[in-house]
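In what follows, a structure is listed as structure tokens, so that the remarks can point back to it.
The values are calculated or read from the model by the stated rules, or taken from the named source; none is laboratory data. Note that the structure is a prediction, hence the values are computed from the model and not measured. Cβ placement follows ideal geometry from the backbone for every residue including glycine, while neighbour counts extend to all protein chains displayed.
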Amino acid sequence: MSTPTIPNRQPAGAPNHTGGRFAETAHTEADLTLTAPRPVLTETLRERRGHDFYPTEASSWPALYATDGTSGIEDKPFVAHYFRAGADWYVAEFDPVEREAFGYADLGLGHGEYGYIALDELEQLDVDGAVVERDLDFVPGTRAYECIEKYRRAAPRARTTSDPAWHHKLYGETAAGEEKRSYAQSAITDAFAADEFGVVWTPDEQRAIFAACFNPDTLNEAIETVGAQAIEPQHTGAHLADEVNRIRLHRQAAEQKFMRNHHDTLTEAQQIPVDLTDEQYAGELVRALPFASPFTRQNAVANRHMPVTGAQSLRAAAIDNEVQACRNPNRSRASTAGNPDFATHPMTELEYTIDRMIVRGQDPTTTDNLEHLSTHQGYGDGARVVAQIVDGRLAARRTP
């Protein structure tokens, strides 16, 4: 189960004392419904709390992704409110199998965020005798702008304006590649300039959105998605900013499930002293590269004293570690509610990029796309390796 990180407080995945782990995210996949039988929602601190943490209707709460497309973040309906010592958690969607919710968390620091909430961790939270309680007076269906201060300013959703000429340059001319992305960035800049007081997007959101624009895949997807919508040309920048933000948050949620990539594991493997005995070095290598095949690890052991060949062998083993982890048939399965598009969550940046291409109807098996993926992900000329991972993601694709 993915477990969230507290926004602006801890590094991704770090534990904390205020409610599990929290990670901002967004999602836009199709509506889903839960299937029977409904799981039993057990509790550990019922007596201390004095009331049920999970209400009777919890198993019938909207499934993950079920409210997407029906509401914006400022008017999203919530089904429950939890609180403790100035911290608040609002639940909009829920997967009762994994005890994972999607909603809004504010830890009392003034900068709450949407994201995944591990409700089982929240239920068990006990700090200095204080447990998390459910707001028994909360009315299900209460919308974000009715209970969260920062969204009261933006309800109903405001649309800032940008120069309509950017819409024509983006979609009415033959611009492509970097030129097209520069037009999109200019439209977004216009929209932010019109939001001088941070009513539609907070200053932090504006900075994060603009930073995300420098990822070509993110901006290309946003341009493509907005281009398929019937919008007023003067709202092009606002729509692009919202779409980039949605993609950014979706990506952050996916990253919580990533394993360390081959760059990180290679850095760790490079720290192993080469003057160890073969057996000791091999043992350290297993700890650093647990998924790599015995063959690539043996090469790294045998060649570690040769500067060039040794470096090449170690890099090959690190890449192999990442590839074999992706190809592992025993990797955990994702529930339909947790990932409606694929039977498993992406484990790496590469798998995530492939997944987005597949969902958008692009063919990742073409020569051009394989070369793009292998170069972009740092595999160099490893298009053959990338093709194997592409095959795995295609096999994991759920039937649309």
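Candidates in the range 75-108 are the residues that are more than 20 Å from the chain's Cα centre (by Cα) and among the charged types (D, E, K, R); of these, the one that is surrounded by the fewest Cβ atoms within 10 Å (Cβ to Cβ) is Asp75. Filtered by the rule that a residue be surrounded by fewer than 21 Cβ atoms within 10 Å (Cβ to Cβ) and touching a residue at least 40 places away in the same chain (Cβ under 8 Å), the range 62-72 gives Asp68, Gly69, Ser71, Gly72.
When Glu179 is tested against (1) surrounded by 17 or more Cβ atoms within 10 Å (Cβ to Cβ); (2) at pLDDT 85 or above, only condition (1) is not met. Taking first residues from the range 134-153 that are assigned by TED's automatic domain parsing to the domain that holds Gly86 and partners that are surrounded by fewer than 17 Cβ atoms within 10 Å (Cβ to Cβ) and part of a helix (DSSP H, G or I), the Cβ contacts under 6 Å between residues at least 6 apart in sequence or on separate chains come to Tyr145/Arg152. Are any residues in the range 98-111 in a strand (DSSP E or B) and either without any contact (Cβ under 8 Å) to a residue 12 or more places away in the chain or farther than 18 Å from Pro77 by Cβ (or both), and if so, which ones? Of everything in the range 98-111, just one residue is in a strand (DSSP E or B) and either without any contact (Cβ under 8 Å) to a residue 12 or more places away in the chain or farther than 18 Å from Pro77 by Cβ (or both), namely Glu100.
Selection within the range 164-206: residues that are farther than 28 Å from Asp75 by Cβ and assigned to a loop (DSSP other than H, G, I, E, B). The member of this set that is nearest to the chain's Cα centre (by Cα) is Ala176. Within the range 306-342, how many residues turn out to be surrounded by 15 or more Cβ atoms within 10 Å (Cβ to Cβ) and either touching a His at 6+ places or on another chain (Cβ under 6 Å) or hydrophobic (A, V, I, L, M, F, W, C) (or both)? The total comes to 14. Can you name the residue in the range 207-236 that is among the β-branched types (Val, Ile, Thr) and crowded, with 20+ Cβ neighbours inside 10 Å and, of all such residues, is farthest from the chain's Cα centre (by Cα)? Residue satisfying both the conditions and the ranking: Thr236. Looking only at residues of the range 110-131 that are within 24 Å of the chain's Cα centre (by Cα) and of a type in the set (Gly, Ala, Ser), we find that the one that is nearest to Glu43 (Cα to Cα) is Ala118.
Please name all residue pairs, on different chains or six or more residues apart, with Cβ atoms under 6 Å, provided the first residue is in the range 113-126 and is free of Cβ contacts under 8 Å to residues at least 60 places away in the same chain and assigned by TED's automatic domain parsing to the domain that holds Arg248 and the second residue is of a type in the set (S, T, N, Q) and surrounded by fewer than 21 Cβ atoms within 10 Å (Cβ to Cβ). Final answer for the pair search is none. Taken together, the criteria place Pro164 among residues that are touching a residue at least 40 places away in the same chain (Cβ under 8 Å) and farther than 24 Å from Leu64 by Cβ.
To keep it simple, each residue is scored yes or no on (1) within 17 Å of the chain's Cα centre (by Cα); (2) under 30 Å from Arg159 (Cα atoms); (3) outside any loop (DSSP other than H, G, I, E, B); (4) at pLDDT 90 or above.
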residue: Ser2; (1), (2), (3), (4): yes, no, no, no
residue: Pro11; (1), (2), (3), (4): yes, no, no, no
residue: Ser59; (1), (2), (3), (4): no, no, yes, no
residue: Tyr65; (1), (2), (3), (4): yes, yes, no, no
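Going residue by residue through the range 97-108, is there one that turns out to be in contact with a helix residue (DSSP H, G or I) (Cβ under 7 Å, 6 or more places away or on another chain) and closer than 15 Å to Cys147 by Cα? Scanning the range 97-108, I find at least one residue that is in contact with a helix residue (DSSP H, G or I) (Cβ under 7 Å, 6 or more places away or on another chain) and closer than 15 Å to Cys147 by Cα, so the answer is yes. Within the range 271-282, the set of residues being surrounded by 14 or more Cβ atoms within 10 Å (Cβ to Cβ) and part of a helix (DSSP H, G or I) comprises Tyr281, Ala282.
Taking first residues from the range 346-372 that are under 10 Å from Val386 (Cβ atoms) and partners that are charged (D, E, K, R), the Cβ contacts under 6 Å between residues at least 6 apart in sequence or on separate chains come to Ile354/Arg393.
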